[in-house]
1. Go ahead and run the numbers for FRET between ARG136 and GLU253, Cβ-Cβ distance against an R0 of 22 Å, rounding to 0.05.
2. Extension gain LYS29-THR54, at 0.36 nm per residue separation less the Cα-Cα distance, in nm?
3. What is the gain in length, in nm to one decimal, between HIS227 and GLN244 on full extension, counting 0.36 nm per residue of separation less the C-alpha to C-alpha distance?
4. Report the charge-dipole magnitude of the range 1-91 in Debye, nearest 20, computed about the Cα centre from +1 at each Lys and Arg Cβ and -1 at each Asp and Glu Cβ.
5. Treat each spin label as a single point 7 Å out from the Cα along the C-beta direction, and report the ASP103 to GLU212 distance in nm.
6. Set the Förster radius R0 to 22 Å, insert the Cβ-Cβ distance between PHE169 and TYR110 as r into 1/(1 + (r/R0)^6), and round the FRET efficiency to 0.05.
7. Please give the contour-minus-distance gain from SER8 to ARG119: 0.36 nm per residue of separation, less the Cα-Cα distance, rounded to one decimal in nm.
8. So, counting K/R as plus one and D/E as minus one, what does the shell of residues with Cβ under 10 Å around LEU129 add up to?
Amino acid sequence: MLVVIKESSKQVGQEAARIVANSLRANPKIVLGLATGSTPLGMYEELIALHKSTALDFSHATSFNLDEYLGLAPDNPQSFHYFMHSNFFSQVNFSPDKIHIPDGAFRKDYSAYCDEYERAIKNSGGIDLQILGIGRNGHIGFNEPNSSLASRTRLKELTQETIEDNRRFFPQGAEIPECAITMGIGTILDARRILILATGKSKAAAVAKAIEGPISSSVSASALQLHPDVTFLIDEDAAYALTQRDYYRRVLELTKKYTPEKFQ
Ligand code: PGA
């Protein structure tokens, strides 16, 4: 696991975009796993800037988003469909038929729908690079505490903490969805490479538990310790509670020196 600590959230966005852009240039048909939320916004802004300034080409790439609120139609401004289109897809040359986001429509058979999402990921060749944020409770995607570490895409009930954290995105008085469709932790762990972003003091405790705590379904992100190619890209505030910060900095320097291909 690489832990990369940047001075500011802006630098986290720039570094994340650099990694995505390099991966895309190396493999134009890359399959990306994408995330929503405040944290990856800086990365999307940088990728849009790179698309405009260097013609970074997304036209052959495929994407699968992590999750969507249950009951929100794609044109609902609070839906993750809307977020992705307004903050990213509408401003780059992603091919609409290669974009996949779980559909939050109410339906009868969620299991069949979620199995189909899993099949689509598999049929695309699997996710090459998965982008993640992390919740204050350690969730990745909407895998709330006590999610099975082997879970696949499914309907998930949101904790009250997550509902309150996300209230800021909804108009005052609006009802917040109580469930979501989310990739599972098993789905995420199948990605070839994982890049998880965290910024701000409010994430420091979750980041420390994920990196230095025991693997536990109480902190979904701790499951990333099982994956052979994970980079935590975090700012100083989010790194605040880590006990081995100096060691992580040294690991990064030595990785760049001896195995630079691991940090493209
Ligand atoms: P945030 O959400 O980026 O808006 O903080 C992260 C998450 O809950 O996964």
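The values are calculated or read from the model by the stated rules, or taken from the named source; none is laboratory data. The structure presented is a predicted model; accordingly, all values stated were derived computationally and were not measured. Don't worry about glycine lacking a Cβ; one is built from the backbone with ideal geometry, like all the others, and counts go over all protein chains shown. What goes into the accessible areas is simple: the full protein's heavy atoms, side chains included, and nothing from ligands, DNA or RNA. Shrake-Rupley method; radii C 1.70, N 1.55, O 1.52, S 1.80 Å.
1. Calculated value: 0.15.
2. Using 0.36 nm per residue and subtracting the Cα-Cα distance, I get 7.2 nm.
3. Taking HIS227 through GLN244 to full extension adds about 4.2 nm, to one decimal.
4. 300 debye
5. If labels sit at ASP103 and GLU212, their model points lie 4.6 nm apart.
6. E between PHE169 and TYR110, to the nearest 0.05, is 0.40.
7. Full extension from SER8 to ARG119 adds 36.1 nm.
8. Cβ neighbours under 10 Å give a net charge of 0.
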